[in-house]
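Colleague: Structure provided below as structure tokens; questions to follow.
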Number of protein chains: 2
Amino acid sequence: MATIYDVAELAKVSPATVSRVFNGTSVSEDKVAAVRDAAAKLNFTPNRTARTLRRQSSEVIALVIPDIENPYFTEMARGVEDVASEAGYSVVLCNSDAQVEKEATYLRIAIAEHMSGIIIATADENSNLDSILATGRPVVAVDRSTTYDIDGVVMANRAAGTSAAKDLLDAGYRRIAYIGGPEHIDTAAERAAGWRAALSAARPELDLDELERFATFRVDGGRAAMEELLALPEPPDAVVAGNNLIGVGAIQVLTERGLTPPQVGVAVIGSLPFTTLSPTAVTVVRLPARHMGVTAARMLLDRIGGDAQPSRTVVLRNEIQPASAVRS
Amino acid sequence: MATIYDVAELAKVSPATVSRVFNGTSVSEDKVAAVRDAAAKLNFTPNRTARTLRRQSSEVIALVIPDIENPYFTEMARGVEDVASEAGYSVVLCNSDAQVEKEATYLRIAIAEHMSGIIIATADENSNLDSILATGRPVVAVDRSTTYDIDGVVMANRAAGTSAAKDLLDAGYRRIAYIGGPEHIDTAAERAAGWRAALSAARPELDLDELERFATFRVDGGRAAMEELLALPEPPDAVVAGNNLIGVGAIQVLTERGLTPPQVGVAVIGSLPFTTLSPTAVTVVRLPARHMGVTAARMLLDRIGGDAQPSRTVVLRNEIQPASAVRS
DNA sequence: ATGAAAGCGCTAACAG
DNA sequence: CTGTTAGCGCTTTCAT
């Protein structure tokens, strides 16, 4: 690999001039031409590692998510990537697998590799951002809020829970259960609170604790919880699924038992990914995942650019798609 | 951030000794202890960038895929990641979006960042690996084969096409169409060839060209092609979908037209992701995506470790899951 | 076993 | 506008 010294020699200028050409500072036209020629001839590419070492920062941002196999997060990743690559940044995707330890490892790498910033959907409430924040690198939280004073982009989770529950109530269901993600994850808790508010207003006689389940944010979590609910002495006649994958699991179980919606009402918070036989009888509260990624990336880039205003949290509106109007 | 000099000073040893401690070369026990103490006290982490610059290689591998939103590829990514992180490597995921230019950019980054190796599912047949191979870095091709003399892991694509078609033939369908990905992508071509072989043997009277469609490897590609096929003077009575997303699109269109399988036979090459209303009437040729990732990662790690045997290509067997036995 | 010292390739003062 | 120079933090001979 050619270095700036090789280029400098061939172009008969100093290494510094070569560096300047590749960094857009003022150099006379003829030298620029000479350098570009030489660089082309030598097939020269600046060594990013050296640049990073020198500059103490690199044009890479880390995106840390808890489940790379969840289309919700990959959709968000697309949003981040589009904005970032537009701005000349590359995005490295890190899968924490919802484990704080793995998350910590990736955060350590982000620091050690001098990445410019981090967008993170935290693994859980124990996620530790202390050391990354101590380095002064900008961090934007997505999807889940944190206890830190940093920028964030979240969904209108409570509203999502309420809309979902209300739609089911309007459709005439009475015992409406809720299956959410892990209780200590704030999105799950908020969505549950929304459901709870709607239900306790409309059906004060219900014992909501009995109808509430916390699972993993995955298909098997949704399946297990749905089975528990159906085993209840008095099973629910409808259910709100706290995320897309839980929704998939719940609908699977229902279908297997011959309880295809709308026999049992279903509302899902988050879009159903890749639906084949379209479950027209399912209400979907769409979450703008891509938009979340776009927004977070813009905020992060602003911060990297030196924006120092007080930290902001953006709440994204969601859009309800009532049962029977469903078309992907 | 503390450096080895800080640690050296505190531990009263030379920087070289500190380096040795962190690289496992022989250092007397007491010094090791002193260094570890000092490092802990200063919260020292070796600067990877500097190490990379010095060593001219980093413990990062790049995984370049054409569609991060396709569960087939994210499943594969999990396989890669698991093996890599086990071995102390991190994986950066790069989404080429099926564009050779984006792919080239990421490949350039991989070189510039001194990454140890690349696993790539090429964007198309024009993908250019020349410069990356010129650096001597190991490259493993996954999913799609290339014209280069490098290691590869692919599915038994032709066999998959044949199995899918045969299963449909056995079920009594006669006019069996095929919807594949872009014609010039070898997986698509191979799967098509498999279908063609099965059909021309069993139904020599059919005009296969009429029943063959090449689309994008995405849901809308499957939808469009399925609609075209249904608009034929003599529409097919069954269809083989060349990948998971095409399958989703085809089934969607069929369902919307009231032609729910098995009214029209469907066989999908690749697993149907996140099925809700289980399409029991659909044949699925399972592709071991995770296994592909695992295998590729192992091969790459071997090469990074210096393995210099002639290049190998591993073909992974797939498993057919006939219609009506489907359970996710 | 340990230390001194020379870079890896680049950038950013500082002169001129 | 341009060249000289001094490192960024680490690893690795080469002596000791």
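Colleague: If packing is taken as the average count of other Cβ atoms within 10 Å, what order do A:1-7, A:244-250 fall into, highest mean first? Before the final figure, lay out the partial values.
Modeller: Values: A:1-7: 17.4, A:244-250: 29.6.
In decreasing order of mean packing, A:1-7, A:244-250 become A:244-250, A:1-7.
Colleague: Quantify how strongly other chains surround peptide A:106-113 by giving the mean number of their Cβ atoms within 10 Å of each of its Cβ atoms.
Modeller: Values: counts 2, 0, 2, 6, 0, 4, 9, 9.
Average neighbour count from other chains, rounded to a whole number: 4.
Colleague: Compute for chains B and A the buried accessible surface, both sides summed, probe 1.4 Å, and express it in Å² to the nearest 100.
Modeller: 4600
Colleague: For A:Cys94, which sequence-distant residues (separation of 5 or more, or a different chain) have an amide H within less than 5 Å of its own amide H, given hydrogens modelled in the peptide plane?
Modeller: A:Leu63, A:Val64, A:Ile65
Colleague: Is region B:45-180 best put as rounded, prolate or oblate by its Cα gyration tensor, with a ≥ b ≥ c the root eigenvalues, rounded for a/c under 1.5, and otherwise prolate when a/b is larger than b/c, oblate when not?
Modeller: On the way: a/c = 2.87, a/b = 2.21, b/c = 1.30.
Since a/c reaches 1.5 and a/b is larger than b/c, the shape of region B:45-180 is classed as prolate.
Colleague: A follow-up question, please. How well do other chains shield peptide A:40-49, expressed as the mean number of their Cβ atoms within 10 Å of each residue Cβ?
Modeller: Numbers: counts 0, 0, 0, 2, 0, 5, 1, 7, 9, 14.
Other-chain Cβ atoms within 10 Å of each residue's Cβ, averaged: 4.
Colleague: Sticking with this one: What is the distance in Å between the Cα centroid of region A:1-78 and that of region B:199-222?
Modeller: If you average the Cα positions of each part, the centres end up 46 Å apart.
Colleague: Let me know the mean shielding of B:254-266 by other chains, meaning the per-residue number of their Cβ atoms within 10 Å of its Cβ.
Modeller: 1
Colleague: R0 = 45 Å: FRET efficiency of A:Glu256 with B:Ser200, Cβ-based, nearest 0.05? Each step should come with its number before you reach the end.
Modeller: Details: r = 39 Å, r/R0 = 0.87.
Plugging the Cβ-Cβ distance into 1/(1 + (r/R0)^6) gives 0.70.
Colleague: Moving on. Whole angstrom only: what separates the Cα centroid of region A:135-164 from the Cα centroid of region B:147-175?
Modeller: The distance from the Cα centre of region A:135-164 to that of region B:147-175 comes to 45 Å.
Colleague: Going highest first, how would you order B:161-170, B:95-104, B:180-189 by mean Cβ packing within 10 Å?
Modeller: B:161-170, B:180-189, B:95-104
Colleague: While we're here: Relative contact order for chain A: what is it in percent, counting Cα pairs under 8 Å that are at least 6 residues apart? Display every interim value, and only then the final one.
Modeller: On the way: 641 pairs, mean separation 55.4, N = 328.
Taking the mean separation of contacting Cα pairs over the length of chain A, I get 17 percent.
Colleague: Which stretch or stretches of region B:247-290 have amide N atoms under 13 Å from the point lying 7 Å from B:Leu232's Cα along the Cα→Cβ direction?
Modeller: Correct set: B:265.
Colleague: Measuring nothing but label to label, 7 Å from Cα along Cα→Cβ, what are B:Ala16's distances to the other copies in nm, shortest first?
Modeller: Distances to the matching label points in the other copies: 3.3 nm.
Colleague: Placing a label point 7 Å from Cα toward Cβ, how far apart in nm is B:Glu234 from its equivalents in the other copies, listed shortest first to one decimal?
Modeller: 6.2
Colleague: Shortest first and in nm with one decimal, please list how far the B:Ser200 label point sits from its counterparts in the other copies (point 7 Å along Cα→Cβ).
Modeller: Label point to label point, same position, other copies: 7.0 nm.
Colleague: Same structure again: Expressed in nm², what is the orientationally averaged projection area of the convex hull enclosing the Cα positions of the protein assembly as shown? Working shown, then result.
Modeller: Numbers: hull surface 136.4 nm².
Quarter of the Cα hull surface area: 34.1 nm².
Colleague: Take each of the peptides A:126-138, B:262-274, average the number of other beta-carbon atoms within 10 Å over its residues, and list them starting from the highest.
Modeller: B:262-274, A:126-138
Colleague: Rounded, prolate or oblate: pick one for region B:157-287, where a ≥ b ≥ c are the square roots of the eigenvalues of its C-alpha gyration tensor, a/c under 1.5 means rounded, and failing that, prolate if a/b is larger than b/c, else oblate. Could the numbers behind the result be given before it?
Modeller: Details: a/c = 1.26, a/b = 1.14, b/c = 1.11.
Verdict is rounded for region B:157-287.
Colleague: Next up: Based on the alpha-carbon gyration tensor of region A:60-102 and its eigenvalue square roots a ≥ b ≥ c, which shape applies: rounded if a/c is under 1.5, prolate if not and a/b is larger than b/c, or oblate?
Modeller: Details: a/c = 4.19, a/b = 1.62, b/c = 2.58.
It comes out oblate by the Cα gyration axes.
Colleague: For B:Lys12 and A:Ser57, what is the calculated FRET efficiency with R₀ set at 30 Å and r taken between the beta-carbons, to the nearest 0.05?
Modeller: Values: r = 32 Å, r/R0 = 1.08.
Efficiency computed from Cβ-Cβ geometry: 0.40.
Colleague: Rounded to the nearest 0.05, what FRET efficiency do A:Thr280 and B:Thr25 give with R0 = 51 Å and r taken as the Cβ-Cβ distance? Could you check? Write out the running numbers ahead of the final one.
Modeller: Numbers: r = 66 Å, r/R0 = 1.30.
FRET efficiency, A:Thr280 to B:Thr25: 0.15.
Colleague: How big is the C-alpha Rg of region A:4-46 next to the rule-of-thumb value 2.2 N^0.38 Å, as a ratio?
Modeller: Details: Rg = 8.7 Å, N = 43, 2.2 N^0.38 = 9.2 Å.
Here the answer is 0.94, to two decimals.
Colleague: Sum -39500 (n - 2.57) across every DSSP H segment of at least 4 residues in chain B, then divide by the residue count to get the 222 nm mean residue ellipticity, nearest 500. Mind dumping the intermediate values first?
Modeller: On the way: 13 runs with 147 residues, N = 328.
Taking each H run of at least 4 residues, the total per residue is -13500 deg cm²/dmol.
Colleague: For a 32 Å ceiling on Cα separation, which of these pairs sit above it: A:Lys41/A:Lys102; A:Lys31/B:Lys102; A:Lys102/B:Lys31; A:Lys102/B:Lys41?
Modeller: A:Lys41/A:Lys102
The values are calculated or read from the model by the stated rules, or taken from the named source; none is laboratory data. As the structure is a prediction and not an experimental result, all values here were calculated from the model. All Cβ positions, glycine included, derive from the backbone under ideal geometry; neighbour counts span all protein chains shown. What goes into the accessible areas is simple: the full protein's heavy atoms, side chains included, and nothing from ligands, DNA or RNA. Shrake-Rupley method; radii C 1.70, N 1.55, O 1.52, S 1.80 Å.
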